[in-house]
Amino acid sequence: MTLATASSARVDLTAATLDRAFVGGRWLGADSGEDIPVVDPATGEVIGSVPRMGRMETLAAIEAAHGAWGPWRARTAGERSAVLRRWADLVYLHQERLAELLTAEQGKPLAESRAEIGASAGFLTWFAEEGRRAYGRTIPTDRADRRLSVIRQPIGVVAAITPWNFPSSMITRKAGPALAAGCTMVVKPSEETPLSALALARLAEEAGVPAGVFNVVTGAAREIGGALTGSHLVRKLTFTGSTAVGKLLAEQSAATVKRVSLELGGNAPFIVCDDADLDAAVEGALRSKFRNAGQACVATNRIYVQDGIHDRFVAAFTDRVRELAVGAGAAPGTEVGSMINAGAAAAMSALLDEAVGAGARIAAGGAPHPQGAAFFAPTVLVNADDEMECCREETFGPIAPVMRFHDDAEAIRRANATAYGLVAYCYTTDYRRLTRFAEELEFGMVGMNDFSVSTEVAPFGGVKESGIGREGSDYGLDEYTEIKYVCTGGMS
Ligand code: ADP
């Protein structure tokens, strides 16, 4: 949803002005004075820089968040809601500028960046409302002389560590419920994409989010992560990123018994049954695979197609993939932008070599793209099998391996044969098959005849090694509240 144009923007959000971190309501450099460059992956140009902060600056941010917590939680939910709505309105107002910034540091097509900024504001708006519904309960008492009730209270200081693939919406999906519940937070964005985070902080400041309630620390991931997870003052860690780093952070958080929410990697199967609407299935596979150049935890990772529709699906899908317009995210008409850096594109070549060596055939793409070092051509692999690395592990890039299956039990067994469990997609027009797949696929989310499951109103999250907890919806608010049971005696 586009609600504003650049001409109506009021706050300066150019990369050059976003060169400081935001701690305790102040814009600060690193104690060492060192900066990290921010690079446009489409061109390799340096577009800005942010402070290389470490442990000491992070501890200061935690102190600031802790100091701000008392006054913030003491406000009514309605007052916090009003602040969050102002923040959301400013995000909408600056949608175009924020989208340009996002594309410049991340590479995705502008249309996708606009959609992400819309989603960012959507999370803030939704949780501004939902925070007012953090109801408790009254429990019918077990004894006449006492009363039992449950209230929900904010957990405290929240640490958020966020990834580069959705550098704006992954922050508001956490900040919306955290701030609405009455928590304060310290955000560490990815070092690849800190500008979107700092732009959100600038707008939070403008919206009247009190000093210390929302802090952004940029710099050395391991040092900042260690300070956040090691602190007794931080009562909750929320992380979106790779499974490997998620496991490490969960381990580090154990020493202080923090609440932990983890949104980790996926290995999404995309199942096309004989009776599927072919056009819808092709469109779904295309969009879920190549959005953000395949760099999404919900991206389709492996495509299973039933015998009777396999050849028609491959022909139609391959035709569409060949037509995808690859280019700089900022260029008009681009459908697939650059990957996050040249290393990510090089990793695609290695995956392909392994698959082709094991018998897969390239039906489309299959090589780095001449547009630049961080580009890779959208690729279709046929004759793939479950043992290839591109099917076993999250590819995080524009490679679509296609495999055949014979019957539903086989598709379900192969889809579930992974340590991951974030999202699965399935296309069928038979309601009995639809119900069976929805129930038997071991994933936190199932897209049935739909390829775009993420929305602020529904619970997003995985099972198995794809994570713990849910984001979005009323379940998402629960992640930031503690339940307190109050037992009041002497009543008779
Ligand atoms: P991705 O593959 O999406 O880059 P990562 O898990 O590497 O996923 O990164 C997600 C976030 O985790 C980023 O903000 C990154 O800086 C951060 N990160 C990576 N390693 C560590 C670490 N050892 N401690 C804390 N944060 C980390």
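The values are calculated or read from the model by the stated rules, or taken from the named source; none is laboratory data. Bear in mind that the values here come from a model prediction, so they are computed numbers and not experimental data. Neighbour counts run over all protein chains shown; Cβ positions are idealised from the backbone, glycine included. Quick note on the areas: whole protein, heavy atoms, side chains included, nothing else; ligands and nucleic acids left out. Shrake-Rupley method; radii C 1.70, N 1.55, O 1.52, S 1.80 Å.
The set of residues from the stretch 191-216 being touching a residue at least 60 places away in the same chain (Cβ under 8 Å) and within 16 Å of the ligand (Cβ to nearest atom) comprises E191, E192, T193, P194, L195, S196, L198, L200, A201, N215, V216. Exactly one residue out of A364, A384, A316, A299 is at pLDDT 95 or above and out of contact with any Lys or Arg (no Cβ under 8 Å at 6 or more places or on another chain): that is A316. In the set A244, A211, A268, A180, only one residue is over 19 Å from A21 (Cβ atoms), of a type in the set (A, V, I, L, M, F, W, C) and open to solvent by 10 Å² or more (accessible area, probe 1.4 Å); that residue is A244.
Residues checked against (1) hydroxyl-bearing (S, T, Y); (2) at pLDDT 95 or above; (3) more than 18 Å from the chain's Cα centre (by Cα):
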residue: L200; (1), (2), (3): no, yes, no
residue: A207; (1), (2), (3): no, yes, yes
residue: V217; (1), (2), (3): no, yes, yes
residue: H232; (1), (2), (3): no, yes, yes
residue: L237; (1), (2), (3): no, yes, no
residue: S261; (1), (2), (3): yes, yes, no
residue: N267; (1), (2), (3): no, yes, no
residue: D275; (1), (2), (3): no, yes, yes
residue: L278; (1), (2), (3): no, yes, yes
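Among the residues of the stretch 389-411, write down those that are farther than 20 Å from C297 by Cβ and either within 16 Å of the ligand (Cβ to nearest atom) or open to solvent by less than 10 Å² (accessible area, probe 1.4 Å) (or both). Residues satisfying the conditions are V402, M403, F405, A411.
Here A227 fulfils each of the conditions (1) in contact with a Pro (Cβ under 9 Å, 6 or more places away or on another chain); (2) within 14 Å of the ligand (Cβ to nearest atom) apart from (1). Within the stretch 231-241, being within 11 Å of the ligand (Cβ to nearest atom) and either in a helix (DSSP H, G or I) or open to solvent by less than 20 Å² (accessible area, probe 1.4 Å) (or both) holds for L237, F239, T240. Residue count for the stretch 50-63, restricted to those that are over 24 Å from V38 (Cβ atoms), out of contact with any helix residue (DSSP H, G or I) (no Cβ under 6 Å at 6 or more places or on another chain) and open to solvent by 10 Å² or more (accessible area, probe 1.4 Å): 1. When R143, R114, R80, R132 are screened for being over 30 Å from S49 (Cβ atoms), in a helix (DSSP H, G or I), open to solvent by 40 Å² or more (accessible area, probe 1.4 Å) and not hydroxyl-bearing (S, T, Y), only R132 passes.
Results for (1) more than 11 Å from the ligand (Cβ to nearest atom); (2) over 26 Å from A227 (Cβ atoms), shown as yes or no for each residue.
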residue	(1), (2)
T243	no, no
L248	no, no
K258	yes, no
F270	yes, yes
D279	yes, yes
V282	yes, yes
G294	yes, yes
N301	yes, yes
